[in-house]
Structure formats: structure tokens, C-alpha cells
1. Sort out for me the Cα centre separation of segment 153-178 from segment 543-562, rounded to whole Å.
2. In this model, which of Lys267/Lys565; Lys392/Lys484; Lys304/Lys420; Lys442/Lys494; Lys48/Lys560 are farther than 18 Å apart at the alpha-carbon?
3. So what is the relative contact order for the chain, in percent, with contacts set as C-alpha pairs under 8 Å and at least six apart?
4. Taking the Cβ of Val431 as the center, what net charge do the other residues with Cβ under 14 Å away carry, scoring Lys and Arg +1 and Asp and Glu -1?
5. Taking amide H atoms as placed 1.01 Å from N in the peptide plane, list the residues 5 or more away in sequence, or in a different chain, whose amide H sits under 5 Å from that of Val462.
6. Within a 10 angstrom radius of the beta carbon, how do Asp160, Asp359 rank from fewest other beta carbons to most?
7. Kindly write out, for segment 119-133 in residue order, the coupling ³J(HN,Hα) from the Karplus curve 6.51 cos²θ - 1.76 cosθ + 1.60 (θ = phi - 60°), rounded to whole Hz, with x marking Gly and Pro.
8. Please give the helix 361-370 orientation as an angle from the longest Cα principal axis of the chain, in degrees from 0 to 90, rounded to the nearest 10.
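Values in this text are rule-based calculations from the coordinates and carry no lab data. Computed from a prediction, not measured in an experiment: that's the story for all the values here. Cβ placement follows ideal geometry from the backbone for every residue including glycine, while neighbour counts extend to all protein chains displayed.
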Amino acid sequence: MADPVELERKLKINAVASPVEQALSLAPDEIGRICIAEELSIATEDKKTHIEVYIPEEKRNELALGDYVVIPLGYKDYKIFASVEQLCYRKRDALDDMSDVHVFVGAERLGEDDYIETAVLNPISMIGPEGQALEVRYIPKPNTLVRKVTSEDEVKIGLDLPDKGLFLGFVAVNGEPIQTRQKQYVPYYLINDETKTGDPLIFTHVLIAGMSGRGKTHVAKNFVRQIVGSVYPMERRGGEQRKPCIVIIDPENEYWKMREDNPYLTKDAQEMLFGHGIKFGGIKEKLTVYAAVEGEPRYSGCPKYTNFTIPFTLVKDFPYLIAGGELDENQYVSLVQLVRDFFYYHENGTYQEFLDFVDNPNTLEMYKQNGRIHPGTFQALQRRVDRPQFHKIFDQGANSLTQLYNDIFAEDVVSVFATKHLSPDAERIVVLAILSMIADAKLKSAPTDWGRRIEKFPIVLVVDEAHRYFTRDQTQQDRVIVEKFIKAAKQGRKHRLALVLITQSPKDLNESVLAQISTRILLGMEREMAEFAGAPPRYQKVLPYFERGRMIVHAPDNSKPLELKGLDFCVVMH
Ligand SMILES: Nc1ncnc2c1ncn2[C@@H]1O[C@H](COP(=O)(O)OP(=O)(O)OP(=O)(O)O)[C@@H](O)[C@H]1O
Ligand SMILES: [Mg+2]
């Protein structure tokens, strides 16, 4: 066998190399050749699939777990697209005896204690002669050259990526965007076009989860900015085309800045965004901040906003708004009865009139007579519905939510509900009121003016800190709202309701709500949380190491699960 050092030298001198010499020289993109350490197989079962590559010493430091590679089959015009699933050192003999790449191995200069390195590949898909994506069906032959992925097309076909839509980030491996031979990044989009197979993906809902500070809100703002101005056909209204109304529940007062441009956006960055069809820039007057008045107007979180109040009449539709604290089922049923009876006598009753009604001895007498509410339960309710917070949140004299609805729910607007200035009780009522209006309208169970209005537009409901409202540990009143949302979410496509839920605590998010979400954007998080959030197993153990901006996208209707690197700046003011 030739001395490899000598061989290498000759290779450099001789333009025409012998077959052995050719076997040795790998182009910069090539990483090695298919070998047989134990067996080489592809199979319908993942477990039985085993493709291994011999990595010559000169390439050992170039490969990392997760890297994407391509195996052009050679004997057919197909390429296998794969990722590196395992890297291992093997005893030299193991390969030498069993594989038919003897020549190659024997000639290789041995280092690192006479072991050889191989990589086990995870075949993801196959790229056909016309550039079509197929399932893996042909086996690569021993000795076939394996190379790194080199073109955007290979990544797109191999990972089944849509070529336009809502931009989320760049396809990445181990925190770095992958680069094509032309030094280009590969953008990742969510399907946003009904002419594609399926539907705009947001209507099957999106989760953005990650530990505190890992960039959820940053991602959400960049993502929501992409949605603004999209056009969707309304399935139920003869397919008329509508731009969405985006409603944002904003507990940290972070979204109003979407109105403004990011002043630090460089010209280069703008050109890059433009080149990839990524929307940027403040949305100006399309965005309105709505701030509920609690006792007195206290919000001052942004230069321009609209105060509003929750009219008590909304309790007619949503009795749980005044179910302060935990009610048992019996109490809840009684509360619904009480509210119904009150509005029967006072069609546009106020909270004060309601309290008067509840405290009026005649009311108790009525229930004693008709037996509809047990006196004991009635007294328990009397205490529950009289709370100082309720006095401050209902009927505060500002614009009423049910009168503002034409502005809040309109085509091509972004309505931000700021809640940071509110007490926890008031915040709950405000958020539940808005969520309830949307869910009921979309379920067609609100035969009201606002109900008919909401129904007209695609609604994208963005809820930051979503685990606070769609909880796992539910009180009776939480259960009502969660059930509504599960129903509404199930028919999101039909009703044009998209949920974008953002949380740092997926394990507190109601599991049935979570089950309705098809697209998961997962930022750095603990392993246990990753499991709850539905991360693919192979990403569960790496997610804890994800620094800001690194994310996994698990969107079965859009692409294979993969890693992305988000933009490291905000496309609007942040
Ligand atoms: N990809 C990124 N590149 C650079 N900076 C980022 C990136 N993502 C987030 N940041 C910055 O990190 C900080 C935290 O981000 P952000 O507020 O989005 O996190 P979060 O996950 O929403 O946190 P919380 O759980 O507190 O709501 C912000 O100052 C933001 O500007
Ligand atoms: Mg946040």
C-alpha cells in the first residue's frame, strides 16, 4: 500500500491521478464516502435504516451533528438528502474487514490512535431528476461520495420548504445559518397562500414558546409584521378577499412600537429584507392601542391610545366575567341563572343596578319561591359578585367596548390591548371579554352587532403570556372560555380565526388548546418544557442550549422540523 504522505505529495504534482489517488482527493464540499461498518441499508422502518460515511482524516474537523448532506446516487439521477445523526470513531479493523472501501481506508494516513471516523446519516428525503421531493427509496452504493449541501434548491427540496410566505428565519444548523456555495442564506417561510396545497398555515394556529428572555416577543413582532396586509379568502362568505384584523393581547406594553420604524435598520439590512420579500417598517395608523379604564384612566404607556370600558351588558353574554374566584359547578349554573334573570328585568342594566338587584330582598324571596337558585348558593353568590375591582372596571364612562367594535374589528388594522396598567382582576376581565367576543362571534353564537362585525374579517389573535388565560388548572369559569376556544380553534380555517399563542410556560397551557396548534416555534427552553411544547425528540435535548434567536420550527404541514436562526434585529421599532 502506498505511503499516504507520499501519495498526497504526488497528487499535488500530478494533474492526472490514478483511481486510488482520486479516491483520496475530496473536493471542498465533499466529506467522505459511503462505507459499510456493519451494514448499509434503507428500510421502511427508521430503525432498520443505516447509512454510514467514512470520513477521511482531512475532513474530520469539518463535520458536526445536524449538518445537512447530499448523496448523489450515481447509478440513478437521484440524490438522497440527509442529516448527520451520529459521529463515531470505530476501531480500524471493524471497517477494514467488513467494508469494500479497503483501498480507501488502507491508503488513508491513520491518526488519532489508529481509529477511523464515520458519520451515521439520517436520510430525510430524496431529490428526483426534475427536482421533485420524494421519499427515500433507492439505496446509495458503497463508496459513493457524500457532500455537503451546496444550493438553496437542495435545501428547499430536501426539507420541503415553501418558497414564499411569512418569513420566520434562516435555515440553520447548530446556531449558524447554512450557506450555499454562493454564500447565500436559505430563508424559511410559512405557507400563507390558499392556492398552495392546504391553506394559509396561521389558521391552524401558531405557538411561540421559550424561556423568559429568549426572544419570544422579538420573534412574535417580526412574525406579526409579516402577517399585516396579507389577503385571505373568507371561506364562508363566498370567498371574498379580506385582509386580516390582528388583535394583540399585550401584557407587557411591548407591541405599540410596531407603529414605528426601527431607526437602526441599516441600508444593507433593508436591502436584504427586500431581497427575501420580508416586510419591514412601522405600520403607522393601522395600529391602535386600547387601554381599559380601571377607576380612572391610568395608562400612559405610549403617545397615542384609546381608553375604553367594559360595559356591564357584556355580562349578559359572558356571565363568567363576574365569577370572581373559584365557583363550583352548581354555583356557576346559579350565577348564569341570576345574570339571565337580572337582564330579563333590566335589558341594559349596569353593574350597580345588578348589585341592587342581588341585594334586594325580593330577589332572594323570588328564588325561595321558584326554587331556581338555592338560598345558600344565592348568598354565596351575593358575596362573590360584589368586589371592589368590579366597581372599577365596569361602566367607567369611557368608550364602551361594544361601541368601539367597529374600530377594533376592522379590515387591515392591528388592535393592541395593553393590560400592564391593570390590576390582576381587571386584566382578567378585560382579556376574557375580548377573547370571548372573538370566540363567540367566530362560532356564530353571538347574534349581536359586534358578533356580525367580527365575523366579517379574518381575525389573527395574538396572546402574549397565553398560559395565563388558557390554563391547565382550571376554575369553572376558565373551563368555559377554554372550551369555547377549543371549539373555535378546531374550525379556525373555516371561520378564519388564527391563534398566535406566546408562552414561557407551555406546561401551564391547557393541553387541549395546545393540541389544536399545528405550528410550533420553539426557542431556548428546558428539556421538560420542550417535551410539553411538542418538540421533536431529537431537538428536546438541544433546546436548553439555544441562545437568543435560535429556534426550532415544527410545522408538519409546512416542512420537515428544522432549526432556524431568526433575524437579530426587529423589523419594526423594538
Ligand atoms: N434574535 C435576537 N437577536 C438579538 N436580540 C434579541 C433577539 N431576540 C431577542 N432579543 C433581545 O433580547 C431581549 C429579550 O427578548 P424578548 O423580550 O423578545 O424575550 P421574551 O422571550 O419575550 O422574554 P419574556 O419571557 O420576558 O417575555 C430583548 O431586549 C430583545 O431585544
Ligand atoms: Mg415577552
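1. Value for the Cα centre distance between the two parts: 11 Å.
2. Details: Lys267/Lys565 21 Å; Lys392/Lys484 27 Å; Lys304/Lys420 16 Å; Lys442/Lys494 9 Å; Lys48/Lys560 21 Å.
As for pairs spanning more than 18 Å Cα to Cα, those are Lys267/Lys565; Lys392/Lys484; Lys48/Lys560.
3. Values: 1150 pairs, mean separation 100.4, N = 574.
This gives 17 percent for the chain.
4. Values: positive: Lys420, Arg428, Arg468, Lys484; negative: Asp250, Glu252, Glu294, Asp425, Glu427, Asp464, Glu465, Asp478.
Here the charged neighbours net out to -4.
5. Amide H neighbours of Val462: Val247, Ile248, Ile249, Val500.
6. Values: Asp160 14, Asp359 11.
Result, fewest neighbours first: Asp359, Asp160.
7. Residue by residue, segment 119-133 yields 10, 8, 9, 9, x, 9, 6, 10, 9, x, x, 8, x, 8, 8 Hz.
8. The two axes meet at around 70 degrees.
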